[in-house]
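The values are calculated or read from the model by the stated rules, or taken from the named source; none is laboratory data. Bear in mind that the values here come from a model prediction, so they are computed numbers and not experimental data. We place every Cβ from the backbone using ideal geometry, glycine too, and count neighbours over all the protein chains shown. Accessible surface areas use protein heavy atoms only, side chains included; no ligands, DNA or RNA. Shrake-Rupley method; radii C 1.70, N 1.55, O 1.52, S 1.80 Å.
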Amino acid sequence: MLFTVDIGNTTVAIAGLEGERVAFVKKLPSDPGLNWPAALRQLLEGVEAQGAVLSSVVPALTRPVGEGLKAITGKPVLVVDKTTPTGLDLSGYDTANLGMDRVVDCVAALARYTPPVAVFDMGTATTLSVVDRGGLFRGGMILPGLALSLEALSARAAQLPPITLSTPEGLLGSDTVSCMKHGALYGAAGAIEGIVRRLEEELGPLTVVLTGGNSTLVRPLLSISTAWEPHLTFLGLAEIWKQNNR
């Protein structure tokens with residue numbers, strides 16, 4: 001088994017992979033104050049792994065999580081950063097502040113689909129990452145995630161309450177809460193459809209891949225064909241681990 005770890009702004013997600021099969025996914029809050037070696041040992045008690053690989057968009061957590069995983073596996077942890085060979089051509093992009101989760105997503109997508117591909121990762125933020133027909137990472141977009149958008153709306157508008165997202169019933173809301181929910185979800189769907197249309201005008205027909213926690217709510221609302229890969233980041237980390245452990 002291989003531990004693949006995605007350190008995000010909200011959660012640290014750990015998946016155990018047996019080949020291409022995701023055996024489990026466990027999560028901890030992205031809390032710098034957590035005793036990470038103890039928390040990880042308790043979370044992964046009784047699970048043996050041949051190694052671990054991680055990507056992180058929270059620098060303060062990279063080292064403690066990595067050290068905790070090393071203590072469990074007894075082996076160095078592969079931390080995917082800008083120096084790690086991934087096979088993805090980044091020559092046309094300024095990588096100074098590039099989140100490695102986007103690179104990892106693209107590596108997984110290219111292992112499964114013929115480019116051009118557009119990957120929408122719908123988590124705390126919604127990121128778009130695009131690889132053209134020649135395999136070049138062309139860049140993308142970063143949009144506020146669904147929860148962030150709704151939190152900002154509730155915080156700045158006195159009469160708009162906090163809400164919990166769920167699958168909308170119909171197109172139009174019938175009260176304030178459902179109007180907010182429908183606006184967020186159909187707004188996200190409309191943004192994806194509009195962006196894809198513009199991308200295809202430039203790149204030609206492409207494969208659209210959705211991942212991330214909020215993708216399950218938005219995908220049924222789309223009028224375009226998409227592939228859904230809920231474990232895309234973990235699969236990409238496993239691909240990179242294999243490339244660096246041959």
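Counting only residues that are under 25 Å from Gly145 (Cα atoms) and open to solvent by 60 Å² or more (accessible area, probe 1.4 Å), the stretch 6-24 holds 2 of them. From the list Gly236, Gly173, the lone residue that is in contact with a Cys (Cβ under 9 Å, 6 or more places away or on another chain) and at pLDDT 95 or above is Gly236. Can you find a residue in the stretch 96-104 that is over 28 Å from Ala189 (Cα atoms) and surrounded by fewer than 22 Cβ atoms within 10 Å (Cβ to Cβ)? Within the stretch 96-104, one or more residues are over 28 Å from Ala189 (Cα atoms) and surrounded by fewer than 22 Cβ atoms within 10 Å (Cβ to Cβ). For the stretch 152-171, state whether one or more residues are open to solvent by 60 Å² or more (accessible area, probe 1.4 Å), under 19 Å from the mean Cα position of the chain (by Cα) and among the β-branched types (Val, Ile, Thr). No, the conditions are met nowhere in the stretch 152-171. Among the residues of this structure, Gly183 does not count as one that is out of contact with any strand residue (DSSP E or B) (no Cβ under 7 Å at 6 or more places or on another chain) and on the phi > 0 side of the Ramachandran plot.
Among the residues of the stretch 186-237, those that are under 14 Å from Val130 (Cβ atoms) and either open to solvent by 60 Å² or more (accessible area, probe 1.4 Å) or in a loop (DSSP other than H, G, I, E, B) (or both) comprise Arg197, Arg198, Glu200, Glu201, Glu202, Gly204, Pro205, Leu206.
A residue that is without any contact (Cβ under 8 Å) to a residue 24 or more places away in the chain and among the aromatic types (Phe, Trp, Tyr) can be found somewhere in the stretch 215-229. Screening Leu146, Leu150, Leu171 for residues that are touching a helix residue (DSSP H, G or I) at 6+ places or on another chain (Cβ under 8 Å) and closer than 27 Å to Val5 by Cα leaves exactly one candidate, Leu146.
The residue that is surrounded by the fewest Cβ atoms within 10 Å (Cβ to Cβ), among those in the stretch 57-93 that are assigned to a loop (DSSP other than H, G, I, E, B) and polar (S, T, N, Q), is Thr83.
Of the residues making up the stretch 115-136, those that are open to solvent by 10 Å² or more (accessible area, probe 1.4 Å), under 26 Å from Leu217 (Cα atoms) and part of a loop (DSSP other than H, G, I, E, B) are Pro115, Gly123, Thr124. Is the stretch 142-162 home to any residue that is modelled with pLDDT of 90 or more and within 19 Å of Gly8 (Cα to Cα)? Checking the stretch 142-162: at least one residue is modelled with pLDDT of 90 or more and within 19 Å of Gly8 (Cα to Cα).
Would you mind stating whether Gly140 is open to solvent by 40 Å² or more (accessible area, probe 1.4 Å), touching a strand residue (DSSP E or B) at 6+ places or on another chain (Cβ under 6 Å) and either assigned to a helix (DSSP H, G or I) or not aliphatic (A, V, I, L, M) (or both)? Answer is yes for this residue.
When restricted to residues that are closer than 19 Å to Ala15 by Cα and modelled with pLDDT of 95 or more, the stretch 206-226 contains 2.
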